[in-house]
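Peer 1: For reference, the structure I am asking about is given below.
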Amino acid sequence: MLILFRWVSNMNQIKMWKTLLILLLTLLTEIIYGQNGKIQGRVFNANNNEPLPFTNILIWGTSIGATADLDGNFSFTGIEPGYVSLSATSIGFEDYISEDILVTNAKTAYIEIPMIEATVQLDEVVVKASLFRRQEESPISMRSLDISEIEKNPGGNRDISRVIQTLPGVASSSSFRNDVIVRGGGSSENVFYLDDVEIPNLNHFSTQGSSGGPVGIINVDFIRELDYYAGAFPASKGNTLSSAFVFKQVEPNRDKMNYKVTLGASDLGLSFNGPISKKSGLLFSVRRSYLGLLFSVLGLPFLPTYNDLQFKYKIRFNKKNELYFVGLGAIDKFKLNTGIKDPDETQQYILGYLPVNEQWSYTVGAVYKHYKDKGYDTWVVSRNYLDNRAYKYKGNNEDSIKTYDYVSTEAENKLRFEHTSRINGYKVNYGAGINYAQYTNNTSKLTYVSDLTPIVYNSSINVFSWDVFGQVSKAFFKERLLLSFGLRMDANDYSKSMSNMLDQISPRLSASYAFTEKFFLNFNTGRYYQRPPYTALGYKNNQGELINKQNGLKYIQSNHFVAGIEYLPNEKSKITVEGFYKKYRNYPFSVKDSIALASKGGDYGTYGDEEVLSISDGRTYGFEILAREKNIKGFNIILSYTFVRSEFQDYYKKYVPSAWDNKHILNITVRKTFRRNWYIGAKWRYVGSRPVTPYDYEKSEIREAWDVRNTAYLDYSRFNTQRLGNFNQLDVRVDKEYYFKKWSLNIYVDLQNILNYSAEEQPYLTNLDKDGNPVINPDDPTKYILREIPNESGTIVPTFGIIVQF
């Protein structure tokens, strides 16, 4: 800056103005050239991958069109940058409207359009093309988000794990975690797919055995669409009780290699996307956070750092055969900030109980697709791995004893085959899968029940699982009634209680009746099974016994009943009302705490590594209202309300509220596109009061008990008998995009909790005075005197981001 000021001061006035004029003209020229985006794509028969020549493609909502050539290829030039959708029509095929795609000058946007053969006759109900596509297997409880709704989600901070919490039926455990709680189910009841490859870990610093964590792993730069199933799961999606999330990545760019640099609130990322050869292309991204540095400057008691990598390499050998590789990896480092000068009482408390936690994980998979005349085969082979370590030294002094030492690994090696075809109006999908898993756990920790008890065990198990599935869908009565029936069976060799597939028969039936082309009545019922987490399968007692195997641990069962109505006022609007009821059986029940594991898993650490019994029943029920408007005078609106009750049986077989019994969940998201590439969005989220369990003061004040963990014990005899206050948060995001000749710039400000709402949390208990010294009870030296520290979460969090693409 000093050099710049000297340069200006030494120039004469005329020279300065001439230079500024040249710079201004250059910038204007760049912007004029910038309004020149390109789109390329391919349209094909979804059943056999054959190109569809002469298909008409339009920029949806405009008269700008193109026609596919003999190979199904098409292109647009001179397109104004921004988000657009494409519509496609072809004789003999259902009309199609694509998800949003982003057009810039930095790269040619590429999209593939799969079209389904039409079977309707002249007198049948014709369902018009809509931005909200329906699936035969899941006509109910399935929603989708595209890239414009994900990337610019207010408060989402470009974190897809946080964005999905705004979907109907989805609650969260707290404002600083990305747990997925769907329709009152536990945080471990979900399954995730990335381009046909199952991924077990969605977050950095994940809770082993569950799904939560503070920051998502997936890079939104590569996501084009998300399909979210809250029920009516296709038979091909197994091992889930509450939801399935299918993340679809963009196709590699075929024009040239493009690059994107992202500077966000917590990390720095680099990604590139482009061709490797005429038949292949690559997506690749790396990110590294600077949270450790930021938290150190702010004086926070913990210093996390995460790194992640994501890639997709795709090669199309010919129009009948293609292969792609998918990868996702993370390295998470964590240390305590013991160097804080004069820590306050909250910092002292957190430093006292919080262990050091480090993880690294990866998922790699290969997907091969072979297209035939009437369908296609999909082969998926994948491996995922998690290394999870945690430890705690007494007093955070490494020369002292370890009160907690945990080292665990999980590895899965999977092979899945699927066949999909459409013949004479029937859609058929069937397949099978196998999974060889290895789990190890070396645990050494001190616990206190009625006295001090060490738990020390080394566990190593191998579990072989297998499954078969099939589903048939067809429309009847002149396309008014759509029926889909699926069947799935799962088993594994862990124990006799889980080895018989006939004990895990999972039927499902979906139905949808079209009263008109705009109004539908939808229904689904199904029985679903999920294997308990490996942490429970591999748990050993101090005698070295796999105690849960001896206890006859079983698959968890959930029966779903869902019904609702759907109204499509036009191709860009949707209104749905759905009622749901879920009945659980054989849920793992904690022997130590006498509660169902469904209420655990919403905090850091591990989930399921304890003695359990498959004896708990549960139920969740409620209804959802969803209204969506994709483009009304430039506004994109999503409004969802969920009423939900979640209850599980206690020791006395009495139904009590689970940790996810929030009752009310309301989300309103509004985004507006303005001229000159300005985007402004706001999101308001309301979550009803959450049940909590009071502290066991009598046990917590015992010095021997407290010193084991430096935090309070819960009184499970009064499980969830108290409730916290309601929670609400308003987030606002502003984006400004600049499109130049060969590059683009996006600058955004994301203001989270702009109303500065402080959510009530359960207070901390501490044994320290305000100077950090333990307070021993003078009347009973075996006990501490405990006091409460107020605990509120929520403050304004302004974030600033820059995205450069070239």
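Peer 1: Within the stretch 577-608, restricting attention to residues that are aromatic (Phe, Trp, Tyr) and within 21 Å of MET498 (Cβ to Cβ), which residue is farthest from the chain's Cα centre (by Cα)? So that I can check it myself, show each step before the final result.
Peer 2: The initial filter retains those residues of the stretch 577-608 that are aromatic (Phe, Trp, Tyr), namely 580-581, 584, 587, 589, 604, 607.
Now narrow it down to the ones that are within 21 Å of MET498 (Cβ to Cβ): 584, 587, 589, 607.
On the way: TYR584: 23, TYR587: 23, PHE589: 26, TYR607: 18 Å.
For the stretch 577-608, the residue satisfying everything is PHE589.
Peer 1: A further question on this structure: PHE469 versus (1) surrounded by 17 or more Cβ atoms within 10 Å (Cβ to Cβ); (2) over 29 Å from ARG383 (Cβ atoms); (3) under 30 Å from the mean Cα position of the chain (by Cα); (4) not small (Gly, Ala, Ser): which is the lone unmet condition?
Peer 2: Among (1) surrounded by 17 or more Cβ atoms within 10 Å (Cβ to Cβ); (2) over 29 Å from ARG383 (Cβ atoms); (3) under 30 Å from the mean Cα position of the chain (by Cα); (4) not small (Gly, Ala, Ser), the lone unmet condition for PHE469 is (2).
Peer 1: Next question. Hey, among VAL804, VAL692, which residue is more than 30 Å from PHE272 (Cβ to Cβ) and either modelled with pLDDT of 95 or more or in contact with a strand residue (DSSP E or B) (Cβ under 6 Å, 6 or more places away or on another chain) (or both)?
Peer 2: Numbers: VAL804 fails: more than 30 Å from PHE272 (Cβ to Cβ).
Checking each option against the conditions leaves just VAL692.
Peer 1: Determine whether the stretch 713-724 contains at least one residue that is over 34 Å from the mean Cα position of the chain (by Cα) and acidic (Asp, Glu).
Peer 2: Within the stretch 713-724 (the criterion being over 34 Å from the mean Cα position of the chain (by Cα) and acidic (Asp, Glu)), the answer is no, since none of the residues qualifies.
Peer 1: Something else now. Tally the residues that are within 17 Å of PRO81 (Cα to Cα) and either part of a strand (DSSP E or B) or open to solvent by less than 30 Å² (accessible area, probe 1.4 Å) (or both), restricting the search to the stretch 36-70. Walk me through how you get there before you give the answer.
Peer 2: Pass one, the stretch 36-70, residues within 17 Å of PRO81 (Cα to Cα): 36-41, 58-65.
Pick out the ones that are also either part of a strand (DSSP E or B) or open to solvent by less than 30 Å² (accessible area, probe 1.4 Å) (or both) and you get 37-41, 58-59, 65.
Matching residues across the stretch 36-70 total 8.
Peer 1: In the stretch 519-552, what residues are over 30 Å from the mean Cα position of the chain (by Cα) and assigned to a strand (DSSP E or B)?
Peer 2: The answer is PHE519, and nothing else.
Peer 1: What is the one condition in (1) assigned to a helix (DSSP H, G or I); (2) open to solvent by less than 60 Å² (accessible area, probe 1.4 Å); (3) out of contact with any strand residue (DSSP E or B) (no Cβ under 6 Å at 6 or more places or on another chain) that THR711 does not satisfy?
Peer 2: Result: THR711 fails condition (1) only.
Peer 1: Here is a list: GLY292, GLY339. Which entry is modelled with pLDDT under 90, more than 19 Å from the chain's Cα centre (by Cα), under 22 Å from LEU263 (Cβ atoms) and not hydrophobic (A, V, I, L, M, F, W, C)? Don't jump to the end; show me each part of the working.
Peer 2: Details: GLY339 fails: under 22 Å from LEU263 (Cβ atoms).
Answer to the check: GLY292.
Peer 1: Next question, about the same structure. Tell me yes or no: at least one residue of the stretch 649-663 is over 20 Å from PHE623 (Cβ atoms), surrounded by fewer than 19 Cβ atoms within 10 Å (Cβ to Cβ) and of a type in the set (Ser, Thr, Tyr).
Peer 2: Within the stretch 649-663 (the criterion being over 20 Å from PHE623 (Cβ atoms), surrounded by fewer than 19 Cβ atoms within 10 Å (Cβ to Cβ) and of a type in the set (Ser, Thr, Tyr)), the answer is yes, since at least one residue qualifies.
Peer 1: If you take just the strands (runs of 3 or more DSSP E) that sit entirely in the stretch 217-308, which of them hold at least 1 residues that are free of Cβ contacts under 8 Å to residues at least 40 places away in the same chain?
Peer 2: Working: elements: 223-229, 243-249, 258-263, 267-275, 280-289.
Fully inside the stretch 217-308 and qualifying: 267-275, 280-289.
Peer 1: Here's a follow-up. Identify all residues within the stretch 253-276 that are basic (Lys, Arg) and over 21 Å from TYR290 (Cβ atoms); write none if there are none.
Peer 2: So the first thing to find is which residues in the stretch 253-276 are basic (Lys, Arg), and the list is 254, 256, 260.
Selection gives ARG254, LYS256.
Peer 1: Exactly one condition in (1) open to solvent by 40 Å² or more (accessible area, probe 1.4 Å); (2) closer than 22 Å to SER590 by Cβ; (3) basic (Lys, Arg); (4) at pLDDT 95 or above is not met by ARG531; state its number.
Peer 2: Among (1) open to solvent by 40 Å² or more (accessible area, probe 1.4 Å); (2) closer than 22 Å to SER590 by Cβ; (3) basic (Lys, Arg); (4) at pLDDT 95 or above, the lone unmet condition for ARG531 is (1).
Peer 1: Is it the case that PHE302 is at pLDDT 95 or above and either of a type outside the set (Ser, Thr, Tyr) or surrounded by 19 or more Cβ atoms within 10 Å (Cβ to Cβ) (or both)? Give the derivation first.
Peer 2: Numbers: at pLDDT 95 or above: no; either of a type outside the set (Ser, Thr, Tyr) or surrounded by 19 or more Cβ atoms within 10 Å (Cβ to Cβ) (or both): yes.
No, not satisfied.
Peer 1: Could you tell me how many of the residues in the stretch 88-113 are over 15 Å from GLN805 (Cα atoms), open to solvent by 30 Å² or more (accessible area, probe 1.4 Å) and not in a strand (DSSP E or B)?
Peer 2: 4
Peer 1: Just one of (1) open to solvent by 70 Å² or more (accessible area, probe 1.4 Å); (2) in contact (Cβ under 8 Å) with a residue 24 or more places away in the chain trips up LEU546, so point out which.
Peer 2: (1)
Peer 1: Continuing with the same structure: So which of LEU597, LEU568, LEU639 ends up being among the aliphatic types (A, V, I, L, M), open to solvent by less than 20 Å² (accessible area, probe 1.4 Å) and more than 29 Å from GLN543 (Cβ to Cβ)?
Peer 2: Working: LEU597 fails: more than 29 Å from GLN543 (Cβ to Cβ); LEU639 fails: open to solvent by less than 20 Å² (accessible area, probe 1.4 Å).
Just one listed residue meets the conditions, LEU568.
Peer 1: Is it the case that some residue within the stretch 318-336 is in a loop (DSSP other than H, G, I, E, B) and either open to solvent by less than 50 Å² (accessible area, probe 1.4 Å) or closer than 30 Å to GLU792 by Cα (or both)?
Peer 2: From the stretch 318-336, those in a loop (DSSP other than H, G, I, E, B) are 319-320; that's our starting set.
Next, only the ones that are either open to solvent by less than 50 Å² (accessible area, probe 1.4 Å) or closer than 30 Å to GLU792 by Cα (or both) stay: 320.
Yes; the residues of the stretch 318-336 include at least one that is in a loop (DSSP other than H, G, I, E, B) and either open to solvent by less than 50 Å² (accessible area, probe 1.4 Å) or closer than 30 Å to GLU792 by Cα (or both).
Peer 1: Under the condition of being assigned to a strand (DSSP E or B), closer than 20 Å to SER172 by Cα and not polar (S, T, N, Q), which residue from the stretch 714-748 is least open to solvent (accessible area, probe 1.4 Å)? Quick ask: steps written out before the conclusion?
Peer 2: Within the stretch 714-748, the first condition is being assigned to a strand (DSSP E or B), and the residues that meet it are 714, 722-723, 727-739, 744-748.
Restricting the remaining residues to those that are closer than 20 Å to SER172 by Cα gives 722-723, 727-732.
Going one step further and asking which of them are not polar (S, T, N, Q), we end up with 723, 727, 730-732.
Working: ARG723: 83, PHE727: 46, LEU730: 43, ASP731: 8, VAL732: 36 Å².
Only one residue tops the list, namely ASP731.
Peer 1: Moving on. Can you name the condition, by its number, that SER175 falls short on among (1) modelled with pLDDT of 85 or more; (2) of a type in the set (S, T, N, Q); (3) open to solvent by 10 Å² or more (accessible area, probe 1.4 Å)?
Peer 2: In the conditions (1) modelled with pLDDT of 85 or more; (2) of a type in the set (S, T, N, Q); (3) open to solvent by 10 Å² or more (accessible area, probe 1.4 Å), SER175 misses (1) alone.
Peer 1: Here is a follow-up. Can you name every residue in the stretch 749-761 that is open to solvent by less than 50 Å² (accessible area, probe 1.4 Å), within 29 Å of ILE803 (Cβ to Cβ) and outside any strand (DSSP E or B)?
Peer 2: Within the stretch 749-761, ASN753 is the sole residue that qualifies.
Peer 1: Of all residues in the stretch 473-486, count the ones that are open to solvent by less than 70 Å² (accessible area, probe 1.4 Å) and either assigned to a strand (DSSP E or B) or under 30 Å from ASP715 (Cα atoms) (or both).
Peer 2: Just the residues of the stretch 473-486 that are open to solvent by less than 70 Å² (accessible area, probe 1.4 Å), to begin with: 473-475, 479, 481-484, 486.
So of that shortlist, the ones also either assigned to a strand (DSSP E or B) or under 30 Å from ASP715 (Cα atoms) (or both) come out as 473-475, 481-484, 486.
Qualifying residue count for the region: 8.
Peer 1: If you check every pair at least six apart or on different chains, which have Cβ atoms under 6 Å apart with a residue in the stretch 425-437 that is touching a residue at least 24 places away in the same chain (Cβ under 8 Å) first and a residue that is surrounded by fewer than 20 Cβ atoms within 10 Å (Cβ to Cβ) and outside any strand (DSSP E or B) second?
Peer 2: From the stretch 425-437, the pairs are GLY425/THR119.
Peer 1: Here is a further query. Could you go through the stretch 765-773 and let me know if any residue there is under 30 Å from VAL732 (Cα atoms), among the β-branched types (Val, Ile, Thr) and outside any loop (DSSP other than H, G, I, E, B).
Peer 2: Filtering the stretch 765-773 down to residues under 30 Å from VAL732 (Cα atoms) leaves none.
So far as the stretch 765-773 goes, no, none of its residues is under 30 Å from VAL732 (Cα atoms), among the β-branched types (Val, Ile, Thr) and outside any loop (DSSP other than H, G, I, E, B).
Peer 1: Residue by residue through the stretch 222-258, note down the ones that are among the hydrophobic types (A, V, I, L, M, F, W, C), open to solvent by 10 Å² or more (accessible area, probe 1.4 Å) and more than 22 Å from ASN73 (Cα to Cα).
Peer 2: If we filter the stretch 222-258 for residues that are among the hydrophobic types (A, V, I, L, M, F, W, C), which is where we start, we get 222-223, 226, 230, 232-233, 235, 241, 244-247, 250, 257.
If we keep only those that are open to solvent by 10 Å² or more (accessible area, probe 1.4 Å) as well, we get 246, 250, 257.
VAL246, the sole residue that qualifies.
Peer 1: A further question follows. Which residue is farthest from the chain's Cα centre (by Cα), if the candidates are limited to the stretch 664-685 and must be open to solvent by 30 Å² or more (accessible area, probe 1.4 Å) and among the aliphatic types (A, V, I, L, M)?
Peer 2: Per the criteria, the residue is ILE680.
Peer 1: Among the residues of the stretch 401-431, how many are part of a strand (DSSP E or B) and farther than 17 Å from GLY365 by Cα? Write out each step before concluding.
Peer 2: Within the stretch 401-431, the first condition is being part of a strand (DSSP E or B), and the residues that meet it are 402-423, 426-431.
With the extra rule that they be farther than 17 Å from GLY365 by Cα, the set shrinks to 402-409, 419-423, 426-431.
Qualifying residue count for the region: 19.
Peer 1: Which pairs do you get when a residue that is over 29 Å from SER758 (Cα atoms), found in the stretch 680-708, comes within reach of a residue that is β-branched (Val, Ile, Thr) and assigned to a strand (DSSP E or B), reach meaning Cβ atoms under 9 angstrom, with the pair 6+ apart or on two chains?
Peer 2: What qualifies is ARG703/ILE776; ASP707/THR403; VAL708/THR403; VAL708/THR447.
Residues are listed down the side, and each one gets a yes or a no for (1) under 29 Å from the mean Cα position of the chain (by Cα); (2) buried (at least 17 other Cβ atoms within 10 Å of the Cβ):
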position	(1), (2)
PHE417	yes, no
VAL428	yes, no
GLY433	yes, yes
PHE464	yes, no
ASP490	yes, yes
SER497	no, no
ASP503	no, no
GLU517	no, no
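The values are calculated or read from the model by the stated rules, or taken from the named source; none is laboratory data. Just so it is clear, the structure is predicted and the values come from calculations on it, not from any experiment. Please note: Cβ atoms are built from the backbone with ideal geometry, for glycine as well, and neighbour counts cover all protein chains shown. Just the protein is used for accessible areas: all its heavy atoms, side chains included, with ligands, DNA and RNA removed. Shrake-Rupley method; radii C 1.70, N 1.55, O 1.52, S 1.80 Å.
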